[in-house]
Amino acid sequence: MATIFTKIIKGEIPCYKVAEDDDYFAFLDINPVQKGHVLVVPKIEEDYIFRLDDETLSGLMVFAKKVALAIEKAVSCTRVAVAVIGMEVPHVHIHLIPIQKESDLNFAQKKEFEAGEMAKTAKAIAEQL
Ligand code: 5GP
C-alpha cells in the first residue's frame, strides 16, 4: 500500500507544496514545530533513511539544502535545523525547521496556523527557489 507521503506526491492528498523535481518533493509539515517547517522526501518509498542507496541519499541532502536556503530567505530565523525522526510515517523524510534558538526545536510542542497562513508560507518559500 502506498505511504501517505506517496499519496501527497501523487496529488491524491492535498499539501502545501514547496518544491519538486524528478526525484524529490518538499511540502509543509501539517503539524509544524515552527512556521516554515518543511518535510523533504524522496519519491521512492523507503522507510529508513540509512537504507537509501548512496545516490538517493546524497541527492536528498542536496535537494534539502536548496529548500533550506529558500526557507532562510522566506522565514525569519537564525538557522534552519535539520532532523530525521521517522517514527510516525514509514517514508523517509527530513524535517527542515527554521529556528531562532535551540529550544525552538521542540517536537512535543506543535503550532497551529490558519490554512491561509500555511499557503502564504509555502508560496513565500517556493518563490525563493
Ligand atoms: P516522524 O515520522 O518524523 O516522527 O514525523 C512525521 C511528520 O509528518 C510529523 O511531523 C507529522 O506532522 C507529519 N505528517 C504526518 N502526516 C502528514 C500529512 O498527511 N501531511 C503533512 N503535510 N504532514 C504530515
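Each value in this text was obtained by applying a stated rule to the coordinates, not by laboratory testing. Remember, it's a predicted structure, so these values are computed and weren't measured experimentally. Virtual Cβ from ideal backbone geometry, glycine too; neighbours counted across all protein chains shown.
Round to a whole angstrom and tell me the spacing of the C-alpha centers of the range 83-113 and the range 12-31. The two parts, judged by their Cα centres, are 15 Å apart. Once you sort the root eigenvalues of the Cα gyration tensor of the range 34-101 as a ≥ b ≥ c, which label holds: rounded (a/c under 1.5), prolate (a/b larger than b/c) or oblate (the other case)? Prolate shape, in that a/c is at least 1.5 and a/b is the bigger ratio.
Cross-link partners of Lys111 among lysines, defined as those whose alpha carbon lies under 26 angstrom from its own and excluding same-chain residues fewer than eight positions apart: Lys7, Lys17, Lys35, Lys65, Lys66, Lys73, Lys101, Lys120, Lys123. For a straight C-alpha distance cut-off of 17 angstrom, the lysines reachable from Lys10 (same-chain residues fewer than eight places away being disregarded) are Lys43. Each stretch of four or more DSSP H residues adds -39500 (n - 2.57); spread over every residue of the chain, this sum gives -10000 deg cm²/dmol at 222 nm. Using only Cα atoms and rounding to the nearest 10 degrees, what angle (0 to 90) does helix 54-74 make with the longest principal axis of the chain? The angle comes out at about 20 degrees. Scanning residues 5 or more positions from Arg79 or on other chains, those with amide H under 5 Å from its amide H are Ile99, with H placed 1.01 Å from N in the peptide plane.
Karplus-based coupling profile of the range 16-23, in residue order and whole Hz: 9, 6, 10, 7, 7, 9, 4, 10, with θ = phi - 60° in 6.51 cos²θ - 1.76 cosθ + 1.60 and x standing for Gly or Pro.
Protection proxy ranking for 91-100, 43-52, 4-13, using the average of other Cβ atoms within 10 Å per residue and placing the highest first: 91-100, 4-13, 43-52. Residue by residue, the range 27-39 carries 3J(HN,Hα) couplings of 7, 5, 5, 6, 10, x, 6, 9, 4, x, 5, 10, 10 Hz when phi is fed to the Karplus relation 6.51 cos²θ - 1.76 cosθ + 1.60 (θ = phi - 60°); x denotes Gly or Pro.
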